[in-house]
Structure formats: C-alpha cells, structure tokens
1. What is the residue count in the stretch B:146-168 for residues that are closer than 24 Å to residue B:217 by Cβ and touching a Lys or Arg at 6+ places or on another chain (Cβ under 7 Å)?
2. Check whether at least one residue in the stretch A:24-45 is surrounded by fewer than 12 Cβ atoms within 10 Å (Cβ to Cβ), modelled with pLDDT of 80 or more and assigned by TED's automatic domain parsing to the domain that holds residue A:118, and report yes or no.
3. Being β-branched (Val, Ile, Thr), away from chain A (no Cβ under 14 Å) and surrounded by fewer than 16 Cβ atoms within 10 Å (Cβ to Cβ): is that true of residue B:60 here?
4. Which one is surrounded by the fewest Cβ atoms within 10 Å (Cβ to Cβ) among residues in the stretch B:267-315 that are farther than 13 Å from residue B:177 by Cα and small (Gly, Ala, Ser)?
5. Restricting attention to the stretch B:63-83, report how many residues are more than 15 Å from the chain's Cα centre (by Cα) and surrounded by fewer than 18 Cβ atoms within 10 Å (Cβ to Cβ).
6. Do you know which residues across the stretch B:261-272 are within 12 Å of chain A (Cβ to nearest Cβ) and in contact with a Lys or Arg (Cβ under 8 Å, 6 or more places away or on another chain)?
7. Check B:16, B:77 and return the single one that is more than 21 Å from residue B:130 (Cβ to Cβ), modelled with pLDDT of 85 or more and of a type in the set (Ser, Thr, Tyr).
8. For the stretch B:49-56, check the following and say yes or no: at least one residue is crowded, with 20+ Cβ neighbours inside 10 Å and either farther than 25 Å from residue B:196 by Cβ or modelled with pLDDT of 85 or more (or both).
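The values are calculated or read from the model by the stated rules, or taken from the named source; none is laboratory data. Being a predicted model, the structure only gives us computed values, none of them experimental. Every residue, glycine as well, gets a Cβ built from its backbone with ideal geometry; the counts of neighbours run over all protein chains shown.
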Amino acid sequence: MAAIKSLLNELTYEMFKVIVLNAFLDGVIFFLALLLVLSVFGMGLTLPALASIIFVVADVWWHARRISLRYIEQKNPDIREMLRTAADNKEDDSLMAHALFDEVISRARRVSSGTFLDFRKLSTKIGALFVLSMVLVSLAFFNVNIQKFENPLAGFGGTLKGYWDGITGQANFSNPGLKEGDDILGDPSIAKLGNEQLDITLQQNLNQIDFSNVQSADPSASGDLKDYPTGVEAKASEAYTGGLEDITDRKTAADYSQQIRR
Amino acid sequence: MADTVKNIDKLKATFTNVTSEISKKIIGQDEVIEHILVAILCDANALLESYPGLGKTSMIKAVSEVLGLKFARIQGTPDLMPSDIIGTYVIEEKDGKKIFKFQKGPIFANIILMDEINRATPKTQAALLESMQEKQVTVGNQTFPLDLPFFVLATQNPIDQEGTYPLPEAQTDRFLLKILVGYPNLEEELDIVDRYTGAQEVAKLKTLLSGESLKLLQKLTRQVPIANDIKKRAVEIVVKTRTSQDLIEYGASPRASMGIIMAAKAKALIDGRKYVSLKDIEDMAFPVLRHRIVLSFKAEREGKSTDDVIKELLK
C-alpha cells in the first residue's frame, strides 16, 4: 500500500531531522569541550573542528540506522498499536486494512518533529553549551596556556610591590624594564635626530627628579655628529651643570620633539 | 472503495444502536450482550452459564429480534431425541400417493437457544454439536444445509447437576466463548422489576440489521488487521496454558488461539476500531479459555477459579 509506505517514510524523515539536530548540538558541545582541553596546550582550531565534523557525521549515521517503528511508537503511544498494525499489514488490500491506513494517515499527519524532541535533553544540551562557552571566554581572558604560561596576576603583584618600594624609598631602578631595540620605543631612526647627551640627575627619592641640569651633548661621547644616541640613559649620582643655551642645532631638536609627539 | 471505507467509520454507531436497542428489554448485562455479538460476528457458538432466572432466553430473543434473525428455542431434557431437534421424515399423502416428506426441526433457524444443554443425552448433544460444526444436518442419506447465518447459544446451569450430562471437554471446545451471566446489581434489579411489573408494556424492539448485513459484518470481522506482536501474544497465552502444569492439568488447543484472535477482531469491530489491540486479546482470553482448561489439583486446592488462573497467565 503506497500511502502507508509513504507515511512511514515521512515519519522516518521527521525522525531524521531530529537526529540531525541532536547530532549538531552534540557536535558543538564536543567541539567546545575539545577546544577547551586543547587550548590549554596552546593548540589551534583545526583539530577540534575536524574531530567535531567526524563526530557529527558518525552520530547521524549511528542514530539513523537505528530509526525504527518502535521508537516512533514510543513517542506516540496513542497511535502505537494502530501504527504497528498498519506497518505489519501494509501489503493487505482488504477493506478494513484500507480503513485503517486512512485513519493512521490522518492521525499521523499530526505527528511532527516536535513529537520526537526530548525537550529536557535539549535544554540540558543548551545549558552545557552555555557553560562551555563561558568557560572558554574566561580562559581566553586570562590567557591560560600550559606551554607558554603567563601568570595573569604576576604583573599586578609587581605593580603593588613597586608602589610599596616607592613609598618606602627602596625602589630598584637598575632595571627600567625597557631595553634598547624594544618596539615600544619606536623606530631607531627617529632617535638619530638628537645630538645632545641628556643627563638626568635622579635623587634617591622618585619625586626629586631634576630636569633643569641638562647640558649640550658631549661630542666626544657621541663621536661623529651623525651618530646620535639611540637611547636615553639616566645616570644617578652624576649631575650635569651645563646650560641649555649651548644647544647647537635647535631646529633639529624641535623636529625631533614633534615627531615624538606624533 | 472510499465510500465503503467511510461506512466502516459508522460501524461503531451501528453496534451502539444495536446494544441500546437490546437494552430496552435487557437491563445491565452489557458485557454479556457484547460477548454474544462477538460470537455472532465470529460466526461461532457460545455457551452461556448462569443461574436460572437471569433472563438468558429474553436476552437471546432480543438479540435475534434486533438482528433480524429467525429464533428457535430448544429445551434440553433427558428424553430429547436428535430428531426432535433436526427434524424427521413424516408420511404425507399427495395425489393418492403416500410419500415421505422431511419435516424440519427447530434447528432450521438462525439463532438457536439450546436451554440447559447438559440435560440432553450425549446422543442429542452430539447431533447438535455436529450441526454447529458443519452447518448442515444429515437425516438418513440426505443432507440439508442450515439457514445461514447460524448460531447456537447453549445455556447450562452451574448448580443442580443431578441428572445432567456435563459436556465433555472435547465438545465444549466447539463453543467459541463461555459467557458467564452474573446477577444484576441493586439499581439494575429495581429497573427490571419496574419495567416488567408495571402497567406499561415492554417496548417492541426495532430490527436494525439483517442476515445479509450480518454476513457482511462477519466478512469484515475476518478482515480486521492485527499486528504480528499482538498475534504472537495471543498464541503465547494459549501455549502457556499447556506449559503451566502447576495450575493447569489440561491446556487449550490451537483452536483457542484462533478463537482468541477472532474474538478480539470482533471486539475491535464492535468498539469501532480498525485494528486489534492488546486489550482486546486480554479481554477475550477469559471467555475463550475458561471452558478449555482443566485446573490442576493444586489450583483447586488453593481455591482458584478458572478466571483466577487465566488472570495469572496474562501477567
């Protein structure tokens, strides 16, 4: 009986849609979980994505081959016996069989994908997705990486310590934190504009920095005029007594400061 | 075809009308009436067991009236002869010649009420049972087909067994159902008293079906589809009667398996369903099996009835 066979196919298709939806959700959960584990080891997206696609395909295949009338019956107990009888007698051409097929078809039309959805399971999966997403976002924020581990609190602790040392006058300036060639200092060519040797006298306390004692660059220190100093060096306990009038190339200095501002 | 299929949807209404028409005369006993209809739809016979005075005769008469069938009643007595049932040759004079003419007995009807079948002698019982099975009677060397549809509804009394010839198991097996007719409850009995002792005449019943429509319904009953697992369940129940030796001494024959399935199909049709449900099988297991199993000594000692044992088989 063509009608009943097509009905059974329709029901199978409805079930298949639910299987695909479930497999997709499972796949996303699997992807996020894998990403979570692998991101700790600093691995990229490719492996979790590939593994998840394989997982989804396998999940759909596994469940699709297990689609049976029994499952449809379980989900629709009111038409269970009717459906089973129709399926068992689908080749029957009697009047009663036709009447049964008509009734089964009219009642089964009301069966949609929603009938096969397990809403409790679905909400659990969505909850799991949310939790995994939140965990991933949090990990990204703290940049946790076992291979290239960066203590997110280290800088914070260091700042506190520096602040405390500053207060107590025990600051150690031997390592200013920036080194020659660091990106943050800009292109070294910019620094070629200056030809003065700027010496800053620093007292023991941080608030007693004196910028007034700056003298012209000592030619013997910079050598040829084209070889400008590339860094600013602070020398504690050595004051410079020269005046600002001795600066030889004011224009170059003005350009230099403008470029720095830019 | 489509119109005929739609007419099947009206079957439930037809059976509801039939039962409500019968209930104009018979109060209560809905299950008994349903089982009688089941037997009729299965083109089979039924054995009714009840105490006297419960309206078995009135009930069967009412059924035959509503179904538009010819009714005959035979009272079982020890001196009842087969010829009293089947008929006999009588000498008739025609044109100055004496010829033998077959005088049909009461069995030439559609519904036969064989009252107190166990009071008839085994020879008479055998004659009746043969007609039930073959739907024909043979007198001398001549065979006469019976009017179709043909049903025998036999009754027997569970008490007052003196001077009776209880039906052997092999013969009770030919009845599709053994229907127990119970006492009505208080309200039903008050209704019965009012209806039959008042000045108002009991309503005349309308004929709703005919022999021909009944034959069509019998055909439809056979066509009711049944799922394989439900069919298997019916057979398993019958097989269990043969394996549960602690409760049952003699189990039911394969005829019981066929009987349960047929009866379940008829019940489905009466209920307006186009398929047999598991409940139909379980409901019909009682009237189909109760006269087909012989309880073991252990079950009888424990005071179990046949229905108790069937209930255990269904678990």
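1. 5
2. yes
3. Taking the combined requirement at face value, the residue does not satisfy it.
4. The selected residue is B:303.
5. Total meeting the criteria: 8.
6. Matches in the stretch B:261-272: B:265, B:268, B:272.
7. Just a single option satisfies the conditions, and that option is B:16.
8. Checking the stretch B:49-56: not a single residue is crowded, with 20+ Cβ neighbours inside 10 Å and either farther than 25 Å from residue B:196 by Cβ or modelled with pLDDT of 85 or more (or both).
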